[in-house]
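Enquirer: I have a structure here, written as structure tokens, and I will follow up with some questions on it.
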Amino acid sequence: MARVNHGRWTAEIDGDFVVFIIGARINSPWQLVRWFLDLGGRRGMPYMLKYLMKHPEKGMLGYQSFGLTNVQYWRSFAHLEAFAKDTDDPHAAVWREYWKRVGSSSRSGIWHETFLVHAGEYEAIYGNMPPTGLGRAAHLVPLSATTSARKRLHRQPH
């Protein structure tokens, strides 16, 4: 079990970054084997995440999985896009094979959302938690009890 950071903490990260949320859905539970193969089998998402963590130069800062969905933190959109398209990396082949295997079948579904985050325009609070979410990809620092979300985001009251 991960070590809990007691008290209130926040994540600090230098510069802009990207939040990439990606997931899959089993639309036909009776086709689990085909679904597993649709999503890359042993070369699917877990394999890709291990690969990316072994190659920090690819730009992934960290990730957290939640079942069939995971949240990824990237240094830049350029890094994310390069990984997606580079045929020397594991994603491109799995992506092409997915569409060959599935075509118009609805047995499995995939989705993603991409968010470009500008430096300082995010907030993350962790109370009595192990490193979680952005806190797994960034530097965790203790948080003062006198600060607020508005102050951390440098926002003026309306």
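Enquirer: Need at least 2 residues that are at pLDDT below 90 and in contact with a helix residue (DSSP H, G or I) (Cβ under 6 Å, 6 or more places away or on another chain) per element, so show me which helices (runs of 4 or more DSSP H) inside segment 70-158 make the cut, counting only ones lying wholly within it.
Expert: Filter on segment 70-158 gives 90-102.
Enquirer: Sticking with this structure for a sec: Which numbered condition in (1) within 22 Å of ALA2 (Cβ to Cβ); (2) open to solvent by 30 Å² or more (accessible area, probe 1.4 Å); (3) aromatic (Phe, Trp, Tyr) is the only one that TYR73 fails?
Expert: Unmet condition: (2).
Enquirer: So, one more: Say we look at segment 11-63 and pick out the residues that are at positive phi and modelled with pLDDT under 85; which of these is surrounded by the fewest Cβ atoms within 10 Å (Cβ to Cβ)?
Expert: Top of the filtered list is GLY41.
Enquirer: Which of the residues belonging to segment 99-158 are of a type in the set (Asp, Glu) and within 30 Å of LEU32 (Cβ to Cβ)?
Expert: Scanning segment 99-158 gives a single hit, GLU113.
Enquirer: So in segment 2-28, with the set limited to residues that are in a loop (DSSP other than H, G, I, E, B) and of a type in the set (Val, Ile, Thr), which one is nearest to ALA124 (Cα to Cα)?
Expert: Of everything passing the filter in segment 2-28, ILE13 is nearest to ALA124 (Cα to Cα).
Enquirer: Now a separate question. Taking the options TYR73, TYR98, name whichever one is more than 25 Å from GLY15 (Cα to Cα), touching a strand residue (DSSP E or B) at 6+ places or on another chain (Cβ under 9 Å) and in contact (Cβ under 8 Å) with a residue 24 or more places away in the chain.
Expert: TYR98
The values are calculated or read from the model by the stated rules, or taken from the named source; none is laboratory data. Here the structure is a predicted model, which is why all the values come from computation and not from measurement. So basically every Cβ, Gly included, is an ideal-geometry build from the backbone, and we count neighbours across all protein chains shown. With ligands, DNA and RNA removed, areas are computed over all heavy atoms of the protein, side chains included. Shrake-Rupley method; radii C 1.70, N 1.55, O 1.52, S 1.80 Å.
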